[in-house]
Amino acid sequence: MQLPALPFPFNFEVSHTALVLIDFQRDFMEAGGFGETLGNNVALLAAAVPPMQKVLAAWRAVGGLVVHTRESHRPDLSDCPPAKRDRGNPALRIGDVGPMGRILVAGESGNQIIEALSPLPGEIVIDKPGKGAFYATDLHAQLQARGITRLIFGGVTTEVCVQSSMREATDRGYDGVLLEDCTESYFPAFKAATLEMVRAQGGIVGWTADSADLLAALHKG
Ligand code: TIU
């Protein structure tokens, strides 16, 4: 299949490609979570959800592998470096009790993926203690075991966990494309800059594409 993309078309086969949804969690998308405690307007992320839902449904319909990630820490915070917890001057720190449970802690209601994009049984869910999806996780091994070489990304936030994950993927030999309308940032200018930097220099980090073009490619088959 060929997906119109920048800096040039992205060729892929569904059987060797995974759709990767980065951190669509209440902690980032809803009031009272990690994103808001860092001082951000979480409403800015909502625009990515409807196009991501359409892509997820279409990808599931063609039988493609789906990976969901969550930024989360163990309840004892043994996988949260003090430098990460101490960073900045948030109202609530990682591990503190907020309105949706403990901030960025596995199992808490705020740490769950939003209902609109909930994982189905059999889909891969990766709990990651870092910004990148590969750091301190078994994602690479899981993808290798399934013969995956190409990744289609959506998620939040564009310049933090999404871009970190795309850079980690590049270093591990994957080709990755970021769906422009399926990703959002608390800083619109950072989203725009990230899209530019991903596809600059001949796709130094990867490709960018519109979700409508992916839907059309999947429909055409
Ligand atoms: N703060 C911010 O923009 N993002 C994060 O802390 N994590 C993710 O991007 N998931």
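The values are calculated or read from the model by the stated rules, or taken from the named source; none is laboratory data. Just so it is clear, the model here is predicted, and its values are computed rather than measured. Please note: Cβ atoms are built from the backbone with ideal geometry, for glycine as well, and neighbour counts cover all protein chains shown. These area figures cover heavy atoms from the full protein model, side chains too; ligands, DNA and RNA do not enter into them. Shrake-Rupley method; radii C 1.70, N 1.55, O 1.52, S 1.80 Å.
Asp76 meets all of the listed conditions (1) surrounded by fewer than 12 Cβ atoms within 10 Å (Cβ to Cβ); (2) in a helix (DSSP H, G or I); (3) among the acidic types (Asp, Glu) but one, namely (2). Taking each residue of the stretch 135-155 that is of a type in the set (Val, Ile, Thr) and looking for partners that are open to solvent by 10 Å² or more (accessible area, probe 1.4 Å) and at pLDDT 95 or above with beta-carbon atoms closer than 8 Å, six or more apart or interchain, yields Thr137/Asp127; Ile148/His16; Ile148/Leu65; Ile148/Tyr174; Thr149/His16; Thr149/Gly173; Thr149/Tyr174; Thr149/Asp175.
Do you know which of the residues in the stretch 1-41 that are among the aromatic types (Phe, Trp, Tyr) and near the ligand (Cβ under 10 Å from one of its atoms) is farthest from Ala61 (Cα to Cα)? If you could, list the steps in order and put the result at the bottom.
We begin by selecting, within the stretch 1-41, every residue among the aromatic types (Phe, Trp, Tyr); these are 8, 10, 12, 24, 28, 34.
Among the residues that remain, those that are also near the ligand (Cβ under 10 Å from one of its atoms) are: 24, 28, 34.
Values: Phe24: 21, Phe28: 28, Phe34: 33 Å.
Here the answer is Phe34.
Right, Gly35: over 13 Å from the mean Cα position of the chain (by Cα), open to solvent by less than 70 Å² (accessible area, probe 1.4 Å) and closer than 19 Å to Ser165 by Cα or not? Criteria met by Gly35. The residue that is farthest from the ligand (Cβ to nearest atom), among those in the stretch 154-170 that are among the small types (Gly, Ala, Ser) and open to solvent by less than 10 Å² (accessible area, probe 1.4 Å), is Ala169.
Screening Gly98 on (1) in contact with a His (Cβ under 8 Å, 6 or more places away or on another chain); (2) away from the ligand (no atom under 14 Å from the Cβ) shows it passes everything except condition (1). Does the stretch 125-140 hold any residues that are open to solvent by 60 Å² or more (accessible area, probe 1.4 Å) and away from the ligand (no atom under 16 Å from the Cβ), and which are they? Asp138 - this is the single residue of the stretch 125-140 that is open to solvent by 60 Å² or more (accessible area, probe 1.4 Å) and away from the ligand (no atom under 16 Å from the Cβ).
Being under 30 Å from Gln201 (Cβ atoms), hydroxyl-bearing (Ser, Thr, Tyr) and open to solvent by 40 Å² or more (accessible area, probe 1.4 Å) is a description that applies to Ser15.
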